[in-house]
Structures are given as structure tokens and as C-alpha cells.
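What follows is a short report on a single structure.
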Amino acid sequence: MNQEASGRWRVAVALAAVRSEPGERSELISQWHLHQKVVVIERQPGWWACIAERDGYQGWVSEGQLEPVAGNSGNSGASGNSGNSGNMGNLLN
């Protein structure tokens, strides 16, 4: 994964839509609340696959809904692709 996106992030909006796959039309599977901490595990243009630190729940969120946690080496302006394609596959099973 691109080091710019790896590490700890947190939700930067009141409610972040968590989806089963990257894209606005994919199934809404959960919502994360403001400042909930997540770990980014995969990236596609505009979408980041994350795991919630609190409960381990996994899903895709729009990258604009996240901000770096203080002390994180990440960059909220990061762009590009992690080189992975498809959906989260076994991560959601």
C-alpha cells in the first residue's frame, strides 16, 4: 500500500457512509461517527478500505470523509491507487 494512505485516520464528518465496495451505488453497510478511528488497509481512487479500531468492522469510505490522526505519517491530500483492484473480497467475509 502507498505509505501516504497507510496508518491511523479518523472520521472527519458527522456520519461517514461505510459501503460494501468502493462507489456511491454500492450497499450501505454501516455508518461511522465523527472522530471514530480507523486503519486504512487498501485504496482505490477516491475510496479507502478501512477497519474501525473500536470494533474491527470493515468497509469502504470516501477518502474525503477521513482525516489523519495527530502524529500519523499519512497525508489527507494523498491520491493515487494502491495497486489493488476489485472489492475487499475476503476482508468482508
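When the range 1-60 is filtered for residues that are in contact with a Gly (Cβ under 8 Å, 6 or more places away or on another chain), of a type in the set (D, E, K, R) and open to solvent by 50 Å² or more (accessible area, probe 1.4 Å), the ones remaining, listed by number, are Glu4, Arg8. Residue count for the range 31-72 satisfying the condition of being part of a strand (DSSP E or B), over 11 Å from Ala16 (Cβ atoms) and aliphatic (A, V, I, L, M): 5. Of the residues making up the range 20-30, not a single one is within 11 Å of the chain's Cα centre (by Cα) and in a strand (DSSP E or B).
Being open to solvent by 20 Å² or more (accessible area, probe 1.4 Å) and either at pLDDT 95 or above or among the hydroxyl-bearing types (Ser, Thr, Tyr) (or both): is that true of Glu67 here? Spelling it out, Glu67 is indeed open to solvent by 20 Å² or more (accessible area, probe 1.4 Å) and either at pLDDT 95 or above or among the hydroxyl-bearing types (Ser, Thr, Tyr) (or both).
The values are calculated or read from the model by the stated rules, or taken from the named source; none is laboratory data. None of the values given here were measured: they were computed from a predicted structure. Note: ideal-geometry Cβ built from the backbone for every residue, glycine included; neighbour counts use all protein chains shown. Ligands, DNA and RNA are excluded from the accessible area calculation, which covers all protein heavy atoms including side chains. Shrake-Rupley method; radii C 1.70, N 1.55, O 1.52, S 1.80 Å.
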